[in-house]
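Just so you know, all these numbers are worked out from the coordinates, no wet-lab data involved. Remember, it's a predicted structure, so these values are computed and weren't measured experimentally. Note that each Cβ is placed from the backbone with ideal geometry, even for glycine, and that neighbours are counted across all protein chains shown.
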Amino acid sequence: MEANHGVPEGLYYTKEHEWARIGPGSVSVGITEYAAKTLNDVVYLSLPSVGQDVEQLGTFGTVESIKAVSELYAPLSGKVTKVNSELSNHPELVNKSPYQDGWIIEITPSNLANEKGRLLDSKQYTDFLASPDH
Amino acid sequence: MKQTPLHDYHVKHGKLAEFAGYEMPLWYTSILEEHLAVRNKAGIFDVSHMGRVALDGPDAPKLVELLVPTSASSQAPGKSFYTLLLNQKGGIIDDLIVMRTELGYLLVINAANKSKDLAHIQANSEGYDVNINDITDSTTMIAVQGPEATQALQPLASIELSQIKRYTHVNAMVGDSRATITRTGYTGEDGFEVILLDTGLQDGSVATAVWADLSTRAKPSGLGARDSLRVEAGLPLYGSDIDDTTNPFEAELSWVVTKGKTGYIGGESLASFSNAPLSRVRRGIVLDEKIPRHGFAVTDSQNEVIGTVTSGSFSPILKKGIALAYVEPAHSGIGEAVDVMVRDSPAHGAITKPPFYDEKFFGWKRLKQ
């Protein structure tokens with residue numbers, strides 16, 4: 001079953017399959033299309049509260065399909081400023097639109113300059129998906 | 001890894017995973033879609049990995065009576081029944097479907113237990129004039145499940161399917177193969193399990209043609225939906241909800257034990273604890289939010305552990321997390337409030353008796369439209 005895991009340019013990625021869209025002053029975070037397809041139907045997310053601090057590559061919640069539970073890892077350290085409340089009633093948005101309507105949290109990064117270099121760009125993430133060790 | 005006769009189809013269309021030594025489809029398009037197809041219309045499952053063992057010969061009836069707590073001789077030829085293989089202590093070696101045929105018995109056993117069951121059957125057949133014939137690899141088994149299962153299977157069958165009542169079976173042609181069709185399943189829905197007798201691992205072309213034709217009327221479904229459907233129906237899975245330390249009474253399976261039957265393996269143990277108080281009992285739990293998983297603790301309002309989740313899933317019908325669990329009898333009342341510890345935080349729920357869906361609208365007992 002070959003799937004096209006289109007990896008958008010301009011975003012940053014973790015090896016745990018989260019993406020980060022770095023905007024002026026805030027960063028939105030979600031999981032990649034590859035992660036969403038591997039999980040199959042997302043039916044429940046357990047998410048942090050606004051105001052909570054997250055640490056780069058620390059867990060900030062879980063995403064669950066019918067069969068499996070996966071931890072969510074923060075791409076960057078910072079404070080949670082928004083949580084996508086649509087997901088509590090429509091967790092399927094993570095599958096339908098992983099890079100847009102299925103965003104999960106927004107954070108204000110606290111150490112962006114130092115931490116950004118530890119993330120993968122779209123080219124590196126695409127190569128990582130093609131490698132055997134993901 | 002072992003394969004089934006339909007392996008090529010699974011490779012082409014499915015997301016594969018290892019199960020009981022077989023490479024099997026976890027899903028084809030989506031567990032959710034496949035689950036709902038079976039509840040609302042019809043789905044098909046490749047269940048060829050399950051063990052199929054024929055017992056015949058003059059002493060086959062006596063051997064089956066020795067092996068199971070259900071009175072097998074009182075079942076007329078053509079009956080299919082759910083029962084258990086027990087050890088001497090009354091623990092469950094496997095759960096299975098037994099079909100009484102004209103010639104003897106056909107046992108359908110769990111894939112993961114095949115060699116263990118065969119060894120158990122063989123060891124107890126000493127002195128019996130009986131043939132034990134493992135026909136798993138020479139046959140193919142397909143489950144057709146859902147309220148439209150009859151419409152899905154009928155065009156391929158040489159007989160009128162409405163004459164097969166629930167928990168009975170017939171022999172007929174299905175496609176180009178002789179087949180045993182039994183009206184049973186593992187989803188809670190009406191449906192059939194079809195054993196294609198002339199097409200197996202050697203040459204799966206007839207099985208592949210049957211599957212391809214069925215797939216135009218029923219949605220191919222994988223092990224993911226098979227599991228979420230059976231949890232929603234409250235059906236136990238061997239290795240998760242029952243094993244050789246479980247007795248049939250606490251598992252709520254005492255209905256398979258025929259009253260007054262003696263002389264079967266495990267019978268004396270069952271008699272000794274049939275009147276003893278249970279230390280735990282199998283129940284369903286529905287959570288208000290979050291999803292319970294295997295191994296999570298069940299607690300009461302004082303945070304005391306009163307049980308353990310043995311199967312957890314998300315119910316697409318209730319849109320809630322559901323569990324099969326063993327709980328202390330004092331906390332097993334229907335409607336009793338309990339918590340399930342989901343990764344260190346309690347999730348509120350209530351004890352129920354499965355199935356989890358409303359039987360007026362779902363499952364084989366549903367009111368006909």
Calculate how large, on average over all directions, the projected area of the Cα convex hull of the stretch B:150-218 is; give the answer in nm² to one decimal. 4.5 nm²
Of all DSSP beta bridges in the stretch B:1-124, what percent run antiparallel (nearest 5)? 95 percent
If you stretched the chain out fully between B:GLU268 and B:TYR82, how much longer would it get, using 0.36 nm times the residue separation minus the C-alpha to C-alpha distance? 64.9 nm
Kirkwood-Stokes translational diffusion coefficient of the stretch B:83-236, alpha-carbon pairs, 10 °C, 1.306 mPa s, µm²/s: 95 µm²/s
How large is the Kirkwood hydrodynamic radius of the protein assembly as shown, counting all unique pairs of alpha carbons, in Å? 24.7 Å
Could you work out how far the C-alpha centroid of the stretch B:319-369 sits from that of the stretch B:31-97, in angstrom? 25 Å
Simple spin-label estimate for A:LYS15/A:THR59, 7 Å along Cα→Cβ, in nm, reads 1.9 nm
Take the Cα atoms of the stretch A:3-116, find their three principal axes, and give me the spread along each one in whole Å, biggest first. 36, 29, 21
At 20 °C and 1.002 mPa s, the Stokes-Einstein diffusion coefficient in µm²/s for chain B, with hydrodynamic radius from the Kirkwood sum on alpha carbon pairs, is 101 µm²/s
In deg cm²/dmol and to the nearest 500, what is the mean residue ellipticity at 222 nm of the protein assembly as shown if only DSSP H runs of at least 4 residues count, each as -39500 (n - 2.57), divided by the residue total? -5000 deg cm²/dmol
Out of the trypsin sites (Lys or Arg not before Pro) in the stretch B:183-277, which ones are loop residues according to DSSP with at most 14 other C-beta atoms within 10 Å? B:LYS259
B:SER115/B:TYR167 FRET efficiency (R0 22 Å; Cβ-Cβ; nearest 0.05): 0.20
Cα centroid separation - the stretch B:116-194 against the stretch B:202-238, whole Å: 13 Å
Over the alpha-carbon set of the stretch B:1-44, work out the extent along each principal axis and list the three values in angstrom, largest first. 33, 18, 14
What distance in nm separates the two pseudo spin-label positions at B:ASN275 and B:ASN131, each 7 Å out from Cα along the beta-carbon direction? 4.6 nm
Taking only the alpha-carbon positions of the stretch B:1-125 as identical scatterers, the Debye log10 I(q)/I(0) at q = 0.09 Å⁻¹ comes out as -0.34
Descending semi-axes in whole angstrom, ellipsoid equivalent of the stretch B:231-291, from the Cα gyration tensor: 27, 12, 10
What FRET efficiency would be calculated for the residue pair B:SER74, B:SER301, taking the C-beta separation as r and a Förster radius of 41 Å, to the nearest 0.05? 0.30
Just flag the GluC sites (Glu not before Pro) in the stretch B:51-160 sitting in loop per DSSP whose Cβ has no more than 15 other Cβ atoms within 10 Å. B:GLU102, B:GLU126, B:GLU160
Given GluC sites (Glu not before Pro), DSSP loops and at most 11 other Cβ atoms within 10 Å, the longest exposed-site-free stretch of chain A is A:10-134
Trypsin sites (Lys or Arg not before Pro) restricted to DSSP loop in the stretch B:300-357 with at most 15 other C-beta within 10 Å: B:LYS319, B:ARG343
Counting only DSSP beta bridges with both partners in the protein assembly as shown, the antiparallel fraction in percent, to the nearest 5, comes to 95 percent
Quick one: dipole size for the protein assembly as shown, taken about the Cα centre, charges +1 on Lys/Arg Cβ and -1 on Asp/Glu Cβ, in debye to the nearest 20. 980 debye
For the stretch B:66-120, what size does the Cα cloud have along each of its three principal axes, sorted from largest down, in whole Å? 28, 22, 15
How large is ³J(HN,Hα), in whole Hz, for each residue of the stretch B:280-289 in order, when computed from phi with the Karplus curve 6.51 cos²θ - 1.76 cosθ + 1.60 and θ = phi - 60°, using x for Gly and Pro? 7, 8, 7, 9, x, 10, 10, 9, 5, 8
Proximal lysines to B:LYS259, defined as alpha-carbon separation beneath 25 angstrom and excluding residues fewer than eight positions away on the same chain: B:LYS62, B:LYS79, B:LYS89, B:LYS165, B:LYS353
If r is the Cβ-Cβ distance from A:SER88 to B:HIS348 and R0 is 22 Å, what FRET efficiency results, to the nearest 0.05? 0.85
Considering the options A:LEU129, A:LEU87, A:THR38, tell which one lies farthest towards the positive end of the dipole of chain A, charges being +1 on Lys and Arg and -1 on Asp and Glu at the Cβ, about the Cα centre. A:LEU87
With each label point set 7 Å from Cα along the Cα-Cβ vector, what nm distance links B:ASP213 and A:ALA130? 4.5 nm
Rh_Kirkwood(the stretch B:266-340) over Cα pairs, Å, one decimal, evaluates to 13.2 Å
With Kirkwood's inverse mean 1/r over C-alpha pairs for Rh, give me the Rg to Rh ratio of the stretch B:241-369, two decimals please. 1.03
